[in-house]
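Chemist: Starting off with a structure, shown below.
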Amino acid sequence: MLGSLLIAFGLLTASFASDLVSLILFYGVVAGTGSGLAYTPSVTFIAVYFVRYRVIVNGLILAAPGIGVLAGPYLLRWLIETQGWRLALAACGALMLHMCVLSALLFTPPGEGSSASCTCIRKKDIAKGQLVKVDMLLTRDPNLESRTNWKMSELGSVLLTDSVVWTVEKPSKDETMSLMQRLTNLLRLRFMWIMCLNQFLLYAGYSVNSILFPSYAQSVGVAFSDLPALYTVYGTTMIVSRVTAGFVFNLLPQHHVTIYLVLQLCVALVLLLLPLYGLNLQLLFFAQFLIGLTYGPVFLLVTPMLISQVGMDNLPVAFGTLMLCCGVGYIIAPPIGGLMYDIFGDYKVSYHIAGSTIALAALSVIPLLFLKVDDKKKDEKFNETTLLSPSDADAESDGLVTKHSNGSASSFLTGKTSNPSLLSTAPPVSELTETWELESASSFREV
């Protein structure tokens, strides 16, 4: 909401600018700050509402900008030609105020802090197939991805009898952690450094196309009045590619990094060769189709990749850090592209540099294919809450660790057993990840 207000204020004020400095201040700094504030939460809070179909929803939501790209140029061209650029900026500012209204309609995700029931299975009842309900205060935990999406927040006074097999998750890291603590922990992960470099290079390369494409199109003979049609092709392709990719990527979670790399290589190839084949309006239609097809789906994978490594609690800070790197790339690259035009007299070198930069961005992702397992182990340590564990002897005497007849052991504190076959008699439940064994009510209350 704050971001939309800043964008609206910046654009409305820029429409009254009398010099270039004022235009840069209000259009660039004020509206740009609002855009940064609005964009990050608009991407990250989607992940809070959806777990199993998160990538599909990402595709649907991120396809919406394609509609703006499709229709926006026609509206802006009409406003500029009939009313002038000042009124066009003011109209855009008024449109941005609708974001504030729509933001007010958002609601807390269902299940946040609500009371629910947790199903417990008593060992003596397993053979009979009986389930015992135990009322607990549960809260939704988006960190759990496709696993069970509930965690215990308060134990209350619950009496558990006999041996109970109970499905719960380890608590997440303290939500009161400061911003600097989160950022410090994130920057300890090699994954974050690789993604920051990748986003910097990707945005640096693509920003050259974003800023210079209209000028390039006119340099090869495309009329100004035909430019909106080019963006219509790009917007339409982006809509279709992002929606389709959302469904496809959701089925291939284990291949997200590989897909992310290949898509960027394709974008790099399209832009690197664009000066060689984009020589008229028809070929530029084809180029915009290829850009929308390859570049459109790239950002569907950023959010799930971040969640898999840093967790939901740290997603906003991690995503904001990546957007900072993107912004730096967006500031640096376009002036360099313009400088290349001033030196060589055409846009070929600019596009070659842009494509090469995106190729480097793709190559920078390669280490993620090898660091995935290592960083996942760090992430588990990063997210879990440290518990003070008693010694094995004390734990066994207090009933916290159970010794089985076959020599294996299970611990309430760690939620793990050294012999998973002991749990094979439990009925199959698709979204359960850990089984904790509680041997006595007294032990439960002590913990």
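Chemist: Quick one: if the Förster radius is 35 Å, what FRET efficiency do Leu183 and Leu265 give, using the C-beta to C-beta distance and rounding to 0.05?
Modeler: Computed FRET efficiency for Leu183 and Leu265 comes out at 0.70.
Chemist: Can I ask one more? Note down the nm distance, to one decimal, between modelled labels 7 Å out along Cα→Cβ at Phe16 and at Ile67.
Modeler: So the label points at Phe16 and Ile67 sit 3.3 nm apart.
Chemist: Describe numerically, in nm with one decimal, the distance between label points set 7 Å from Cα along Cα→Cβ at Val248 and at Asn280.
Modeler: 3.1 nm
Chemist: So what's the net charge close to Thr232: Lys and Arg +1, Asp and Glu -1, counting the other residues with Cβ under 12 Å from its Cβ?
Modeler: That sum, taken over residues with Cβ under 12 Å, equals 0.
Rule-based calculations on the coordinates, nothing more; no lab input. Here the structure is a predicted model, which means the values were calculated and not measured. All Cβ positions, even for glycine, are placed from backbone atoms using ideal geometry, and neighbour counts span all protein chains on display.
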